[in-house]
1. How many nm separate the modelled label positions at R195 and Q135, each set 7 Å beyond the Cα in the direction of the Cβ?
2. Peptides 53-60, 184-191: what's the order by average Cβ count within 10 Å, highest mean first?
3. Around V64, under 14 Å between beta carbons, what's the net of Lys plus Arg minus Asp minus Glu among the other residues?
4. Give me P(r) over the range 23-126, computed from all C-alpha to C-alpha distances, binned every 10 Å, as integer percentages.
5. Quick check for you: which residues of the range 103-142 have the amide N under 20 Å from the point 7 Å beyond the Cα of S55 toward its beta carbon?
6. For G31, what charge total do you get from the other residues with a beta carbon under 13 Å from its beta carbon, if Lys and Arg give +1 and Asp and Glu give -1?
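None of the figures in this text is laboratory data; all of them are computed from the coordinates on show. All of these numbers come straight from a predicted model, not from anything done at the bench. Quick reminder, even Gly has a Cβ in these numbers, built from the backbone with ideal geometry, and neighbours come from all protein chains shown.
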Amino acid sequence: MDKGSFISPLVICFATACLGSTLMAFEITSGLAGHQVLQRGVDGTASVTLKGRSSQAGSLRVSVVRGKHQLRLAGFADRPLARIQAGGWTARLSGLPTGGPYRLRFFVVNDAGAELAAHDVEQVLVGDVWVLAGQSNMVGRAELENVEKPHELVHVFRPEGGWEQAKEPLHERRERNNMVIGAGLGLPFAKEMVRRTNVPVGLIPTA
């Protein structure tokens with residue numbers, strides 16, 4: 001074996017280790033998740049407190065785009081949120097207007113303006129959140145025939161946790177093998193509200 005072939009792997013491994021050590025860990029642990037519906041306030045906007053963790057300090061910023069064409073949302077291009085330190089952090093996102101779906105790109109930059117890390121949250125809506133409570137009539141006991149189709153502005157908080165686009169049956173866990181009943185009132189109601197108001201709807205099934 002010649003000297004070059006012996007040294008090269010060591011050099012590659014050393015370089016990889018050095019690069020890996022500079023990578024920044026950054027995450028959002030609470031406050032906002034994909035497909036979440038934020039309740040609008042009386043001013044027609046939503047505000048939320050975000051918490052997370054970061055391995056480095058820097059300036060936390062956000063950029064927001066809307067819809068299929070990813071149109072930039074006015075006032076939310078490279079918007080500063082907070083100066084964060086290494087470890088746990090908290091920031092306040094305010095004034096997100098009614099509508100969506102939004103893609104929010106949170107990113108951290110250093111003092112020179114170089115991006116250190118980023119985290120995207122997709123399909124966020126701002127609108128009205130409704131709780132679906134009651135008994136069997138709310139859950140729905142009919143066979144799943146002529147099922148109401150999903151709507152991009154109607155999302156649901158699943159019984160097992162997490163937000164997604166609403167689809168029947170709303171009140172059942174996705175891991176069930178035999179979901180043949182459960183077409184209830186929630187999704188038709190939500191779609192009618194969207195049709196009348198053009199305001200996104202979030203559903204929380206509790207029946």
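1. With each label point 7 Å from Cα toward Cβ, the separation is 3.0 nm.
2. On the way: 53-60: 17.9, 184-191: 20.6.
Order by mean packing, descending: 184-191, 53-60.
3. On the way: positive: R61, R66, R72, R79, R103, R105; negative: D78, D120, E122.
Result for the local shell: +3.
4. Histogramming the range 23-126 at 10 Å steps yields 16, 50, 29, 5, 0 percent.
5. 106-120
6. Values: positive: K51, R53, R92; negative: E27.
Summing Lys and Arg as +1 and Asp and Glu as -1 gives +2.
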